[in-house]
Amino acid sequence: MALRALVGVKRVIDYAVKVRVKPDKTGVVTDGVKHSMNPFCEIAVEEAVRLKEKKIVSEIIAVSCGPQQCQETIRTALAMGADRGIHVDVSAKDSETLGPFQVSKILAALAKKENANMVILGKQAIDDDCNQTGQMTAALLDWPQATFASEVKVEGDKLTVVREIDGGLETISMNLPAVVTADLRLNEPRYATLPNIMKAKKKKIESVKPADLGVDTASRIQILSVEDPPQRQAGVKVETVEDLVSKLKESGCI
Amino acid sequence: MHAACRTLLRPLSLHFALSIRRQTGATYLHSFILQHTEVVTNHLTPELKLLLLTPRCKYWHVRPEHWPYGDPYWAIYWPGGQAMARYLLDNPEVVRHKQILDLGSGCGAAAIAAKIGGASYVLANDIHPVAGAALTLNCKLNGLQPLPFLSENIIGVDTSHWDLIVLGDMFYDEQLADGLHQWLRRCIDQHGTTVLIGDPGRGHFIDHPIQKQLWKMAEYSLPESSKQENYGLTCTAVWKYQP
């Protein structure tokens, strides 16, 4: 059975960028900041491409929700080996309030529309750290889910996934269709090389609006405040071991 | 000191002026290709030596917007072209004494394979002008006289008589695929041309209506290097188009 995989790719602030909070504390500064694909989404794309190379998956559709620039993220997925893309066009302003619930509804609608057998997502995004989209997508579709995957095997319509859990690994088996979320150790994503980038330019990216999918993207969450983590306090220098011991006694550490 | 500098600079600036004048000429293109590609044989047709872009070449690592002469489609041996050239080398009776058009010739491998197989006339056509220079160099590298080359877009225009039209990896672009389909149909209707298509199963080819009128002639596993250049693809095939 050749499967169709839907892979979510989120455009986030690049992992190497020092994130700054906006002065009005409503969010973080995104203007003029380097963005790239969420690293967990890269792992999800890589796993889909590996399944395609094993001839288990026949088509990979990369989906991203957000402003026009998301097409660059989709293009990266196409250069990694995805077959076509779907850009769910949400304005930059509306994207600020686009959370896991809204994205799950979009992904669930697309999974049905495209007759996907498998939805592969990153376990979480490095910007909001929510870790909810995969779970909610599975719930909305009423499909089984395998979160925090560190190994994925497909045999017929049976999916076996090794999951990273507290203190060890758990192996579970389920029927397809299913939702899988990728953990860090699932694989090491490949780099897009020149011939792949060249051919990816010609792959199709379809653009749809959430309303076309019958999805209401209104947010149910109000952001009250976004704060920087507390600054680390300056330390104290001590000259001798005796000084150190008395300081430790003073602070009640010993 | 100054005088010494000037004498050093003079031959340099002369060289610079000459190189600018030469930039549009065939000689410049030849030296550019020779400088920025390497001879490769680890593909489906190892008997053909081809000048190609590899990870050991500078432009492999340069951002696309800095590439001179646009995207170097001519410098990659695409899986569809590899299948086509392999098929022609293995089945010389398909090309012997025939008039052949290699459409979207790229590095020229299929055209070269057709000539080696005994074709009476081979014309390579590619809208990328650098492909012509690459074809000439690759012909020489394989002991052939340079094959004729045409850089005009003949899809939809020219329907001269060809016994055989071969095309490799031309269904990667949706718009191109549609125009191509109509035109190939016309060539077959008007001249009874045989059409062979090499494709590794790219999206626009698999989903195209042309699929219903294709017969698979041969299938090949892709060598490791080609898998690395075409993520997600593992094999390639030659199809006969019979509407």
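B:L150 contributes about 50 Å² of solvent-accessible surface, heavy atoms of the protein only, 1.4 Å probe. Residue-wise HN-Hα couplings along the stretch A:64-73, as the Karplus relation 6.51 cos²θ - 1.76 cosθ + 1.60 with θ = phi - 60° gives them from phi, are 9, 10, x, x, 3, 4, 4, 4, 5, 5 Hz; Gly and Pro carry x.
Here the Karplus relation 6.51 cos²θ - 1.76 cosθ + 1.60, evaluated at θ = phi - 60°, turns the backbone of the stretch A:80-88 into coupling constants of 7, x, 5, 8, 8, x, 10, 9, 8 Hz, with x for every Gly and Pro.
Accessible area per residue (1.4 Å probe, heavy atoms of protein chains only) ranks B:F205, A:F101, A:F40 as A:F101, A:F40, B:F205, with the largest value leading.
Roughly what % antiparallel, to the nearest 5, for the DSSP beta bridges in chain B?
Just about 45 percent of them are antiparallel.
Dividing the convex hull volume of the alpha carbon atoms of chain B by its residue count gives 139 Å³ per residue. Surface calculation, 1.4 Å probe, protein heavy atoms: B:S160 sits at approximately 50 Å² accessible. When both the stretch B:42-100 and the stretch A:103-178 are represented by their alpha-carbon centers, they are found 40 Å apart.
Bridges between two residues of the protein assembly as shown, per DSSP, are antiparallel at a rate of about 45%.
A simple rule links phi to the HN-Hα coupling: the Karplus curve 6.51 cos²θ - 1.76 cosθ + 1.60 with θ = phi - 60°, which for the stretch A:217-231 gives 9, 4, 8, 9, 10, 10, 7, 7, 6, 10, 10, 5, x, x, 5 Hz, with x for Gly and Pro. Across peptide B:225-231, the average count of Cβ atoms from other chains found within 10 Å of a residue's Cβ is 5. Mean per-residue shielding of peptide A:184-196 is 4, counting Cβ atoms of other chains within 10 Å of each Cβ. Averaging Cα coordinates gives a centre for the stretch A:21-88 and one for the stretch B:150-193; these two points are 36 Å apart.
Remark on A:V57: its backbone amide H falls under 5 Å from those of A:L3, A:K52, a criterion applied only to residues 5 or more positions apart or on other chains, H modelled at 1.01 Å from N.
The values are calculated or read from the model by the stated rules, or taken from the named source; none is laboratory data. Quantities reported herein were computed from a predicted structural model and do not represent experimental measurements. Positions of Cβ are generated from backbone atoms using ideal geometry, with glycine treated the same way; all protein chains shown enter the neighbour counts. When the accessible area is computed, the model is the full protein with side chains, heavy atoms only, and any ligands, DNA or RNA have been set aside. Shrake-Rupley method; radii C 1.70, N 1.55, O 1.52, S 1.80 Å.
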